[in-house]
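Contents: one structure, followed by commentary.
Please treat every number below as a calculation from the coordinates, not as lab data. Bear in mind the structure is a predicted one, so any value in this text is a computation, not a measurement. Note that we place each Cβ from the backbone using ideal geometry, even for glycine, and neighbour counts take in every protein chain shown.
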Amino acid sequence: MIDRHSLAPLRHQRFRYFLGARFATLLGSAIAPIAVAFAVLDLTHSPATLGVVLAARTIPMVVLVLFGGVVADRIRRDVVLVSANVVCLLTQSMAAILLLTGTAQVWQIAAIEAVNGAAAAFTFPALQGLLPQLVNRSELQQANALNGLSRNVTLIGGGAVGGALVGFLGPGWGLAVDAVTFGVAALLISRLRLAGVPRESQQRSSTWADLRVGWQEFVSRRWVWVIVAAFCVFNAVTAGAFQTLGPVVADETFGAVGWGLVQSASGVGLVVGALVMLRWRPRRPLVVGMLGCGVAVFELLLLGLTPTLAPLLAISFLVGVGTDLFGIGWETALQEHVPTDRLSRVASYDALGSMVAVPVGQLLAGPLAAVFGTSAVIVGGAVVLGVVVALTVADSSVRGLRRSGVAQRVDTPM
């Protein structure tokens, strides 16, 4: 049951603006991957080409994310986020126009995705470092859970809306809606008006010096780099087996609308996971989270062996629950144990390590499927995920991390 303590972060006005902005962008971002995937498949009917387009977004994000972390620790994070959202407003508008006018080519979609990936390299570290500036430290898990609820509700609605838009009207309309959501988010984030940056960030230092400080914070905590190493593999497998080959399987079986429903089912599970984390404060959050992520093994097995919509919806729901148990626990652990003025840099190393192999998964999925078959590649991915989860849970630093008792107050306007 949700009580007043669970909703305490909502008393902060700036957190409410932040939550509204996140709701807008996440709604569009739930629609966009469906639109992009089926736009490329409509143009080429090639899983390998889809992998190239997806990698075109991921590679710039991986290359620039460390720089994005430095910028987010040096410059007001609301300014960084407004700028990135305006860029994505323009790029998604351009993509929508190209698709709606029937003039889109694959290289144009790939180039636009590359710009979006570059913007994401600045967005992710800024978002990770922003919440401790908006709420009290004792409210961080509740704030992360409410942020997760916003993300997950939009995934439900966005997946269903995206599937319907793409299935009935075409991918262009999905990207048009995505563009509008970025404009709304830029307007809301501009209302935050954060009062400056952390003191250390105001001192003159080189980018390399800032990166070294962030690296020292990253490697000094074994549980951080163990989890990041695990998700380097986990995300690469998921990007190839599920995100790249999943739409291919759907296109041959239950269609774009069904694939949108799969995304929505995962979103329902994410909502449930966030609701659980509003109340439950597990003593070993990373162990609980990794076991929750392990449900993805069964999702891949089902997708690879018997891609039937009804059971896939059920398992995707459970994947969503497990994913948010991990995500909220992980974000809260970083925010509790890493100094705020270095948090964006640590988050950028997290993003780099977690995402660096994603283009490999995206680029190899199509060729591997052509050689071994789509089903075999997806099932093989399930086996790899199972091994990764087992090894991570077995690590003593992951098992040993407990919740922090930090209750530091961060003053914010009401």
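Okay, here's what the table says:
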read-out	value
Principal semi-axes in Å for the range 55-119 [√(5λ), Cα gyration tensor, largest first]	26, 14, 4
Fully extended contour minus Cα-Cα distance, from SER220 to LEU305, at 0.36 nm per residue	26.4 nm
The chain, helix-only ellipticity at 222 nm - DSSP H runs n ≥ 4, -39,500 (n - 2.57), divided by all residues, nearest 500	-26500 deg cm²/dmol
Total charge dipole magnitude, the chain, about the Cα centre, Cβ charges on Lys, Arg, Asp, Glu only, Debye to nearest 20	1520 debye
Rule-of-thumb Rg ratio for the range 167-302 [Cα; 2.2 N^0.38 Å; N residues]	1.45
Nitroxide proxy distance, nm - points 7 Å out along Cα→Cβ at ALA390 and HIS45	4.2 nm
Sequence of ASP210, ASP350, ASP73 once ranked by neighbouring C-beta atoms within 10 Å, starting from the fewest	ASP210, ASP350, ASP73
Neighbourhood net charge (10 Å Cβ-Cβ; Lys/Arg +1, Asp/Glu -1) for ARG193	+2
Relative exposure of TRP280, TRP107, judged by other C-beta atoms within 10 Å (fewest first)	TRP107, TRP280
Ranked CYS232, CYS293, criterion: other C-beta atoms within 10 Å, fewest first	CYS232, CYS293
Read-out semi-axes √(5λ) of the Cα gyration tensor in Å, derived from the coordinates shown; its label in (1) 37, 25, 19; (2) 32, 25, 21; (3) 43, 25, 19	(2)
Pairwise label distance in nanometres, LEU169 with VAL383, each label 7 Å out on the Cα-Cβ vector	4.4 nm
Computed over the chain: relative contact order in percent, which uses C-alpha pairs under 8 Å that are six or more apart	29 percent
Cα shape, the range 276-410, gyration tensor, a/c 1.5 rule	prolate
